[in-house]
Amino acid sequence: MLDYDTRASVAICIPTFRRPKMLKRLLDAIAALETSAQICVLVADNDALGRAGLTLCLSMEDYRWPLTAVIAPKRGIAQVRNILLEYALMTGAQFIAMIDDDEWPQNDWIDQFLKTAQQTGADVLQGSILFGSGRAADGHGDISRPSGAVAMLQGAGNLLIRRGVLEEMTVPWFDPQFALSGGEDQDFFTRLKRAGKRFAWCDEARAHGEIQDTRAGLGWLLRRSYSVGNSDMRVLLKYRLTPLQFTLEVLKILASLLLSPLAAVILAVSPNHRAIALQKLFRAAGKLSAMAGRRYNEYAVIHGE
């Protein structure tokens, strides 16, 4: 028996955009959760015209948990997350879980999250995401760490947030300026860290992810690296780097620009290692472009169904 409050209430939030097959797989997995917690499920469809996600949810009349689907009319991942959190707080849930529509959780997902939340007292927890091929969409493998306190989290794809954290924040929770570029999660975590909130990792609260064919090639990996570098730097610039921090970032960028091409040539016989060297180069280029005031909108393209 897991040691956690069985009366805990959790609102599970799902952003979706033109991926009804993946959303159906996720909703089926949530329906199969083994938990005595009080669950409700919220879906925000960011396709105001097609409404495939909304249509799917409306067709699931006998769903195990209370299921609410809404339209998020303004395009962008930050806007969708904000609408979900707004509705989640209306439910009165003690915890808010967030999971993306291209993932699906294990049966004990919520129970493991609640157990670790009670053990650590953390304000926000992240669970591991495993990829069947052993390679994540960024080319660096499964997103996982040992359970316990951590200094920073890695993404909003598998989260558990205490209600009070959101109530104390200034709205919007996710900054709309990162709507199509990504980085809204990094900005969210940075705000929380600056406010003194505590983070923890729960390796046992596992979700599985799928890598789409459009994300499997080197071209996409390099565009992704450029995008991450661009959005990460924009977050850093938003919070006004000190002169020392700015200098260190410039030195890291210059080192990557100088050394990564050489490493890629040296490692040409090893495709995986060569790709990592090139990713570092493109990430540095993305940071440099952000310093020049440029924004890369990664989420203008949809992957999956």
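T247 sits with roughly 70 Å² accessible to a 1.4 Å probe, with DNA, RNA and ligands left out of the calculation.
A Gaussian network model of the chain, with springs between Cα atoms under 10 Å, assigns the largest mean-square fluctuation among F174, F199, F246 to F246. Under the convention that each Lys and Arg Cβ holds +1 and each Asp and Glu Cβ holds -1, the size of the dipole of the stretch 82-130 around its Cα centre is about 260 debye. Among 20-29, 123-132, the peptide with the highest mean count of other Cβ atoms within 10 Å heads the list, and the full ranking is 123-132, 20-29. Give K238/K287; K252/K287; K24/K115; K193/K238 a once-over and call out the pairs whose C-alpha atoms are over 18 Å from each other. The pairs that break the limit, which is 18 Å between Cα atoms, are K24/K115. Using R0 = 51 Å, the C-beta based FRET efficiency linking R64 and A195 works out to 0.90.
By accessible area, using a 1.4 Å probe on protein heavy atoms only, the stretch 1-142 has 50% of its surface on carbon and sulfur. With a/c under 1.5 counting as rounded, go ahead and sort the stretch 58-155 into rounded, prolate or oblate using the C-alpha gyration tensor (a ≥ b ≥ c being the square roots of the eigenvalues; past the cut-off, prolate if a/b is larger than b/c, else oblate). Note, shape of the stretch 58-155 comes out prolate. Computed about its Cα centre, the charge dipole of the chain is approximately 1260 debye, with only Lys, Arg, Asp and Glu carrying charge at their Cβ. Note: the chain, Cα convex hull, 132 Å³ per residue.
Taking the Cα centre of the stretch 94-232 as reference, the dipole from Cβ charges on Lys and Arg (+1) and Asp and Glu (-1) amounts to some 460 debye.
For the chain, the solvent-accessible area with a 1.4 angstrom probe is 47 square angstrom per residue.
The values are calculated or read from the model by the stated rules, or taken from the named source; none is laboratory data. Keep in mind the model is a prediction, meaning the values are calculated, not measured. Every residue, glycine as well, gets a Cβ built from its backbone with ideal geometry; the counts of neighbours run over all protein chains shown. Only protein heavy atoms, including side chains, enter the accessible area calculation; ligands, DNA and RNA are left aside. Shrake-Rupley method; radii C 1.70, N 1.55, O 1.52, S 1.80 Å.
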